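Okay, structure first, notes after.
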Amino acid sequence: MTQLTITPVNGLPEIRPGDDLATLIREAALAQRDAIRDGDIVVIAQKIVSKSEGRLVRLADVAPGERAQEMAAESGKDARQIEVVLSECAKIVRWERGILICETRHGFVCANAGVDRSNAGAPDTVVLLPVDPDASAARLRDAFRRATGATVSVVVTDTFGRAWREGHTNVAIGLAGLPALKRYVGQHDPEGYELRVTEIAVADEIAGAAELVMGKLDRCPVALVRGFTLDEPAETAQEYVRPADRDLFR
């Protein structure tokens, strides 16, 4: 790898349920004279994937239950939104000082089970995570092949906090056509020391790097990454789900 480039794809419209994301992204890339080509990694924010899949909830349609109302009274948050979070949550990992950390049905551990009100495209609306982000990435990869003729990789991203560091970063929650991890276990450093645990989360690193050009308020939910190659076989983002018995923070 001699050079890595990351290019924002601007000009996408507000995404609605049923929209053909691959075609819209292809057209936006062409409009900025940047055709999608073989080997590209298309990094796509989860929000527009979820919107295209209809993963939207109008809070006016939500009747909060007793538990949600109790938590809302304790935290000052919207009981309707808490009810949606609880419905998406497989397990509450921590509820403290108004912060709700959940394990989702996908196995992700994140705030509010990934339910988010920002950039929802409509007032009083929340966006849920895709039902199966890896399947979403695989479908999009196939759709890009049909729409562009190019063989690309797809990374679906969301923004997560970190248990031991301040701030947030983009991570890969859906993956198709790329390895999740570059494994160094069993290899030796220049002094001959054998690496025993080192596995680099390359798809997460791609997601984080792409966020630098996508931003959160810039209405740019897609980036093209070029120049990244690995010989390892393709994996899914489920490789990142750490079993609870190996998680020192649970």
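The values are calculated or read from the model by the stated rules, or taken from the named source; none is laboratory data. All values reported here derive from a predicted model rather than from experimental measurement. FYI the Cβ positions are ideal-geometry reconstructions off the backbone, even for glycines, and counts take in every protein chain you see. Calculation scope for accessible area: heavy atoms of the full protein, side chains included, ligands and nucleic acids excluded. Shrake-Rupley method; radii C 1.70, N 1.55, O 1.52, S 1.80 Å.
Computed over protein heavy atoms with a 1.4 Å probe, the carbon and sulfur contribution to the accessible area of segment 33-116 reaches 45%. With protein chains left intact and a 1.4 Å probe, residues in segment 1-70 average 54 Å² of accessible area per residue. Scanning the chain for cysteines with no neighbouring cysteine C-beta under 4.7 angstrom from their C-beta gives C110, C220. Between the beta carbons of K91 and A60, assuming R0 = 30 Å, the FRET efficiency works out to 0.60 to the nearest 0.05.
Averaging the sequence gap over all C-alpha pairs within less than 8 Å and six or more residues apart, then dividing by the number of residues, gives segment 36-179 a relative contact order of 28 percent.
For K47, the aspartates and glutamates whose Cα comes closer than 18 Å to its Cα, not counting residues fewer than 8 places off in the same chain, are E14, D19, D20, E88, D116, D124, D132, D134, D158, D204, E211, D218.
Of interest is the spacing of the C-alpha centroids, which for segment 1-55 and segment 57-81 amounts to 34 Å.
If you plug the beta carbon distance of K216 and E14 into 1/(1 + (r/R0)^6) with R0 = 22 Å, you get a FRET efficiency near 0.85. Rolling a 1.4 Å probe over the protein heavy atoms gives segment 154-210 an accessible area of 53 Å² per residue. Comparing R165, R146, R16 in a Gaussian network model of the chain, where Cα atoms under 10 Å apart are tied by springs, the biggest mean-square fluctuation is seen for R165.
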